[in-house]
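Each remark here refers to the structure printed beneath this line.
Laboratory data are not the source of any read-out in this text; all were calculated from the coordinates shown. Keep in mind that what you see is a predicted model, and the values were worked out from it rather than measured. A quick note on method: Cβ atoms are made from the backbone with ideal geometry, for glycine too, and the neighbour counts reach across all protein chains shown.
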Amino acid sequence: MTHEEHHGEAGERSQEAAIVLPGPTFWPLVIAFGITLLLAGIVTHWAVGVVGLIVTFRAAVGWWHNVIPIEEHEEVPIDPELRPAPIQVEQRSVVRLRAGESGHRVRIPERIHPYSSGLWGGLAGGVAMAAIACLYGLVAQHSIWYPINLLAGVVIPGMGDQTVEQLRHFQMLPFFAALIGHGIISILVGIVYAVILPMFPKYAPFWAGILMPLFWSGLVATTLSVINPVMNERINWPWFVVAQLGFGLVGGYFIARSTSIRTMQTWTLAERAFVEAPGLHQPDEGKHG
């Protein structure tokens with residue numbers, strides 16, 4: 001293996017004792033000052049503009065003589081002790097990747113969770129959230145029906161006009177409205193979790209269980225204060241946040257622990273063509289879907 005020694009850039013490899021650079025000049029600064037006075041004279045007094053014009057003209061002449069007819073230069077000495085260390089150039093061969101090999105040019109994420117895991121994870125999180133909400137009802141209102149009727153009030157406007165005592169009792173229509181609405185929303189949010197969790201390969205349960213419920217709680221509180229202010233005032237928001245965290249932790253953990261699926265981009269050509277032959281498929285790489 002051969003090595004070639006190079007000492008920095010072209011100027012640093014020079015054997016001369018100094019580097020020739022354009023000579024320093026202060027005339028550009030004077031020109032800038034003269035133009036400033038010239039413009040200031042427009043809004044102040046004509047005398048200021050005249051002074052600015054004189055200064056600008058004199059600076060332009062001075063800068064001109066720095067360049068024409070002979071450009072001024074300055075020699076900057078080179079300190080041999082400050083030269084960079086020799087650069088070792090190593091001759092190596094390049095091994096080229098084939099498209100799709102070893103994750104070459106793949107899209108992120110390479111693995112996803114099935115939608116079914118989002119469905120079951122959403123239901124599991126919904127059960128945990130409902131349990132926490134009912135616990136709040138028992139502790140604060142001595143009735144598990146209070147949070148259920150409050151939830152039904154989101155879709156039944158008349159629930160906001162009921163008294164606290166009425167909200168503590170079981171009501172058939174609000175119960176089924178809350179049950180169906182809570183189930184549908186839990187499933188939809190669970191599917192959203194299943195889609196976005198692979199985008200956070202590190203600490204996915206943390207993203208799902210803490211940050212997203214906090215964001216969702218703030219969004220609900222802001223929206224409900226505009227849509228139904230009366231119902232918004234009856235909700236205990238600390239308990240609401242705890243219930244959301246329960247949903248996120250349980251649902252996110254359930255989804256994160258589910259079986260992941262390789263995306264089609266990581267399949268071999270034989271797999272994409274659905275060719276069944278011994279030795280063509282990668283072992284233990286999960287299911288396709």
For this session: Go through 212-221, 249-258, 21-30, 190-199 and give me the packing order, highest mean Cβ count within 10 Å leading.
Result: 249-258, 190-199, 212-221, 21-30
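Sorted by mean Cβ packing within 10 Å, highest first, what order do the peptides 56-69, 116-129 take? It would help to have the intermediate numbers written out before the result.
On the way: 56-69: 13.4, 116-129: 21.6.
Highest to lowest by the protection proxy: 116-129, 56-69.
Give me Rg over Rh for the range 111-258, both radii from the alpha carbons and Rh done the Kirkwood way, two decimal places.
Working: Rg = 15.6 Å, Rh = 15.6 Å.
When Rh is taken as the Kirkwood radius, the ratio is 1.00.
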Problem set entry | Sites THR259 and THR222, calculated FRET efficiency, Cβ-Cβ separation with R0 35 Å, nearest 0.05 | 0.40
For this session: Determine, for each peptide in 43-53, 233-243, the mean count of other beta carbons within 10 angstrom over its residues, then list the peptides with the highest first.
Result: 233-243, 43-53
Problem set entry | Separation of the ASN66 and PHE170 label points, Cα + 7 Å toward Cβ, nm | 9.2 nm
Seminar exercise, completed: Around ASP161 (Cβ within 14 Å, Cβ-to-Cβ, excluding ASP161; K/R +1, D/E -1) the net charge comes to -1
Problem set entry | Approximate spin-label separation VAL192-LEU21, in nm, with each point projected 7 Å along Cα-to-Cβ | 5.8 nm
Exercise. How long is the gain from ALA140 to GLN91 if the chain were fully straight, where each residue apart is worth 0.36 nm and the alpha carbon distance is subtracted?
Worked result: 10.1 nm
Seminar exercise, completed: For ILE19, the residues 5 or more places away or on another chain with a placed amide H closer than 5 Å to its own amide H are VAL76, ILE78
